[in-house]
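**Q** First, the structure itself, so that you have it in front of you.
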Amino acid sequence: MDQNVLFFFNEHPEALPLYEAFEKRLLAELEGVVIQPQKSQITLKNRRVFGAVSFLPARRAKARPDPYITITLGLNRREGSPRVDQTSEPYPGRWTHHLVIGAAEEIDDELMAWVREAFAFAAAKR
């Protein structure tokens, strides 16, 4: 595990196993992912940014699991799943989706399909 990733989880060590489960699947299923830890998020890139992991409170505090991570993905469409906590269209044809993850079981095939879709969408941009 990268020291910068560990530093990112310094104030939320209980959430690290969630991230580790996500990173394991991410690196196993997608080739060429660049993981870039920053102060407020861990950015996920190929040629361009396709997602991030953060502690964004995308769900009301009462409904948020403890621990949790928020996975943010950029898609070329709006995903209507009830699993998506927040959605916005920062510019035409790009939808940002925030998903609060509170258990390793939530890092499932459906989530990873959206991750692959975001990965391909970012790779196809000029």
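**Q** Glu89: out of contact with any helix residue (DSSP H, G or I) (no Cβ under 9 Å at 6 or more places or on another chain) and either open to solvent by 60 Å² or more (accessible area, probe 1.4 Å) or within 18 Å of Arg25 (Cβ to Cβ) (or both), yes or no?
**A** Considered against the rule, which asks whether it is out of contact with any helix residue (DSSP H, G or I) (no Cβ under 9 Å at 6 or more places or on another chain) and either open to solvent by 60 Å² or more (accessible area, probe 1.4 Å) or within 18 Å of Arg25 (Cβ to Cβ) (or both), Glu89 comes out as yes.
**Q** Only residues that are within 16 Å of Val49 (Cβ to Cβ) and touching a residue at least 24 places away in the same chain (Cβ under 8 Å): list them for region 71-93, please.
**A** Ile71, Thr72, Leu73, Gly74, Leu75, Asn76
**Q** Starting from residues that are in contact with a helix residue (DSSP H, G or I) (Cβ under 8 Å, 6 or more places away or on another chain) and not aliphatic (A, V, I, L, M), keep the ones in region 69-83 and report whichever is most open to solvent (accessible area, probe 1.4 Å).
**A** Only one residue fits best here, namely Asn76.
**Q** Conditions first: (1) free of Cβ contacts under 8 Å to residues at least 40 places away in the same chain; (2) over 19 Å from Asn10 (Cα atoms); (3) outside any helix (DSSP H, G or I); (4) open to solvent by 20 Å² or more (accessible area, probe 1.4 Å). His97 passes all but one, so which condition is the exception?
**A** (4)
**Q** Only one of these conditions is not met by Glu31: (1) assigned to a loop (DSSP other than H, G, I, E, B); (2) open to solvent by 80 Å² or more (accessible area, probe 1.4 Å); (3) in contact with a strand residue (DSSP E or B) (Cβ under 8 Å, 6 or more places away or on another chain). Which number is it?
**A** Every listed condition holds for Glu31 apart from (3).
**Q** Test Glu23 against the stated conditions and say whether it is closer than 18 Å to Asn10 by Cβ, out of contact with any helix residue (DSSP H, G or I) (no Cβ under 7 Å at 6 or more places or on another chain) and not in a strand (DSSP E or B).
**A** Yes; evaluated as a whole, the condition is true for this residue.
**Q** Filter region 10-28 for residues that are closer than 14 Å to Ile71 by Cβ and small (Gly, Ala, Ser); which is surrounded by the most Cβ atoms within 10 Å (Cβ to Cβ)?
**A** Ala15
**Q** Sort through Arg47, Arg60 and tell me the only one that's out of contact with any His (no Cβ under 9 Å at 6 or more places or on another chain), under 26 Å from Phe121 (Cβ atoms) and open to solvent by 30 Å² or more (accessible area, probe 1.4 Å).
**A** Arg47
**Q** If we keep just the residues of region 48-66 that are within 15 Å of the chain's Cα centre (by Cα) and part of a loop (DSSP other than H, G, I, E, B), which is nearest to Val34 (Cα to Cα)?
**A** Arg48
**Q** Find all pairs meeting these conditions: Cβ atoms under 9 angstrom apart; at least six residues apart or on different chains; first residue within region 105-126 and open to solvent by 50 Å² or more (accessible area, probe 1.4 Å) and at pLDDT 95 or above; second residue small (Gly, Ala, Ser) and not in a helix (DSSP H, G or I).
**A** Partner pairs satisfying both residue conditions: Glu110/Ser81.
**Q** Being in contact with a strand residue (DSSP E or B) (Cβ under 7 Å, 6 or more places away or on another chain) and not aromatic (Phe, Trp, Tyr) is the filter here, so list the residues in region 1-22 that pass it.
**A** Asp2, Asn4, Val5, Ala15, Leu18 - these are the residues of region 1-22 that are in contact with a strand residue (DSSP E or B) (Cβ under 7 Å, 6 or more places away or on another chain) and not aromatic (Phe, Trp, Tyr).
The values are calculated or read from the model by the stated rules, or taken from the named source; none is laboratory data. Since we're looking at a predicted model, the values are computed, not measured. Neighbour counts run over all protein chains shown; Cβ positions are idealised from the backbone, glycine included. In case anyone asks, the SASA skips ligands and DNA or RNA and just uses the protein heavy atoms, side chains included. Shrake-Rupley method; radii C 1.70, N 1.55, O 1.52, S 1.80 Å.
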